[in-house]
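Below is one structure; the comments refer to it alone.
The values are calculated or read from the model by the stated rules, or taken from the named source; none is laboratory data. Keep in mind the model is a prediction, meaning the values are calculated, not measured. So basically every Cβ, Gly included, is an ideal-geometry build from the backbone, and we count neighbours across all protein chains shown.
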Amino acid sequence: MLPDDDVKTVEELHLACQSIIAELGKALVGQRAVIEDLLAALLAGGHCLLVGVPGLAKTLMVRSLAQVLDLDFSRIQFTPDLMPADITGTEVIQENRSSGDRSYRFLPGPVFAHLVLADEINRTPPKTQAALLEAMQEQGVTVGGNTHQLPKPFFVLATQNPIEQEGTYPLPEAQLDRFMFQVWVDYPDEDDELEIVKRTTSDSHVKIDPLLGAEQLRRLTSIVRKVPIADHIARYALRLARCTRPQSADAPDFINEFALWGAGPRASQYLVLAAKARAVMQGRMHVSSDDIRSVAAPVLRHRIKTSFHADAEGITPDELVRRLVSHVSDRLETQTAHPSVDRMFKDPSSE
């Protein structure tokens with residue numbers, strides 16, 4: 001059990017999340033599932049990749065989130081001619097007019113912000129993508145042999161257009177793996193689209209009120225890692241990740257048939273962390289199997305590489321994740337009915 005102070009922090013964070021979602025509703029119509037995924041990633045300290053066609057308010061979503069969280073915000077428009085120094089910053093020669101001495105001074109780039117929007121990240125070459133990779137992983141950048149720490153908290157929310165692939169540079173698997181979530185931003189339904197049209201064609205202006213600051217956000221999110229998780233729930237997350245790996249002992253037949261490779265250990269870590277964040281967002285002090293299932297798709301979809309056979313059959317990574325969730329749950333339920341079976345397959349829903 002959590003101490004009383006931590007319990008109060010969980011309750012405070014739960015109420016804060018509800019207020020944040022309501023405040024974002026002033027500027028955004030629908031997309032609640034996407035907003036909840038973004039919040040879960042931020043609370044867990046992870047980065048997020050938003051994938052969707054143009055015009056679905058991805059940039060507005062990130063900018064509004066920065067406003068409501070009262071974070072330093074920076075937007076980087078990725079283009080083919082963007083250089084690493086354009087992101088990280090560069091050293092310039094500074095002359096002291098009185099003494100005539102010259103020295104190097106570091107000018108920080110746009111990556112030095114709490115919340116960085118990497119717009120159309122797949123439009124820049126791998127060399128520039130790699131500059132962002134260090135920032136995401138190390139929370140700092142190295143220029144001229146000196147390492148400069150990034151502000152905390154630090155989040156990268158990147159967008160990617162899944163349609164137009166001409167002149168783009170697909171993200172390397174190593175960088176994709178650094179994103180906790182890949183979130184699919186879908187078209188709005190008819191009622192939501194009508195509301196969008198009415199709002200954007202009128203003379204109304206929306207003001208987003210800041211609800212949290214960087215210090216308060218850092219204090220509240222520190223509780224996520226303290227949330228306890230039962231061993232059988234952690235094993236459930238582990239089993240989901242391990243079953244994505246073709247030719248492994250855990251892989252089901254459809255993974256061996258349709259996947260070239262699966263998720264690494266980072267996926268297991270992110271499943272547990274994201275599930276903890278989801279639990280806290282709902283005001284709970286423990287993680288359930290439903291929390292694991294709710295984050296399985298955004299955590300695993302970009303970590304499964306489908307085969308040519310899968311592409312020909314129209315089998316997507318999302319479909320494989322859906323089958324995996326059903327497959328692992330079925331195995332858990334079936335094997336729990338027999339006491340002689342390994343206890344690692346205990347049904348998570350019986351917690």
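In table form, for the structure just shown:
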quantity	calculated
Test: residue in segment 38-51 that is modelled with pLDDT of 85 or more, assigned to a helix (DSSP H, G or I) and touching an Asp or Glu at 6+ places or on another chain (Cβ under 7 Å)	no
Sole residue being crowded, with 18+ Cβ neighbours inside 10 Å, among the hydrophobic types (A, V, I, L, M, F, W, C) and either under 30 Å from A310 (Cα atoms) or in the same structural domain as Q67 (by TED's automatic domain parsing) (or both), chosen from A277, A214, A237	A237
Residue count, segment 83-106 (criterion: within 22 Å of Y169 (Cβ to Cβ) and either within 24 Å of the chain's Cα centre (by Cα) or charged (D, E, K, R) (or both))	4
Residues of segment 240-274 that turn out to be among the aromatic types (F, W, Y), in contact with a helix residue (DSSP H, G or I) (Cβ under 8 Å, 6 or more places away or on another chain) and surrounded by fewer than 19 Cβ atoms within 10 Å (Cβ to Cβ), as a count	1
Some residue of segment 142-152 being farther than 26 Å from D318 by Cβ, of a type in the set (S, T, N, Q) and at pLDDT 85 or above	yes
Condition met for D177 (touching a Gly at 6+ places or on another chain (Cβ under 8 Å), surrounded by 13 or more Cβ atoms within 10 Å (Cβ to Cβ), modelled with pLDDT of 85 or more and of a type in the set (D, E))	yes
Residue identified as outside the structural domain of Q269 (by TED's automatic domain parsing) and either over 22 Å from V116 (Cα atoms) or in contact with a Phe, Trp or Tyr (Cβ under 8 Å, 6 or more places away or on another chain) (or both) among S64, S19	S19
Top-ranked residue in segment 22-37 [being in a helix (DSSP H, G or I) and touching a helix residue (DSSP H, G or I) at 6+ places or on another chain (Cβ under 8 Å); ranked as surrounded by the most Cβ atoms within 10 Å (Cβ to Cβ)]	D37
Residue match in segment 118-130 (condition: of a type in the set (K, R), loosely packed, with under 15 Cβ neighbours inside 10 Å and under 25 Å from A40 (Cβ atoms))	no
Test result for L211, within 25 Å of I21 (Cα to Cα) and either touching a Lys or Arg at 6+ places or on another chain (Cβ under 6 Å) or part of a loop (DSSP other than H, G, I, E, B) (or both)	yes
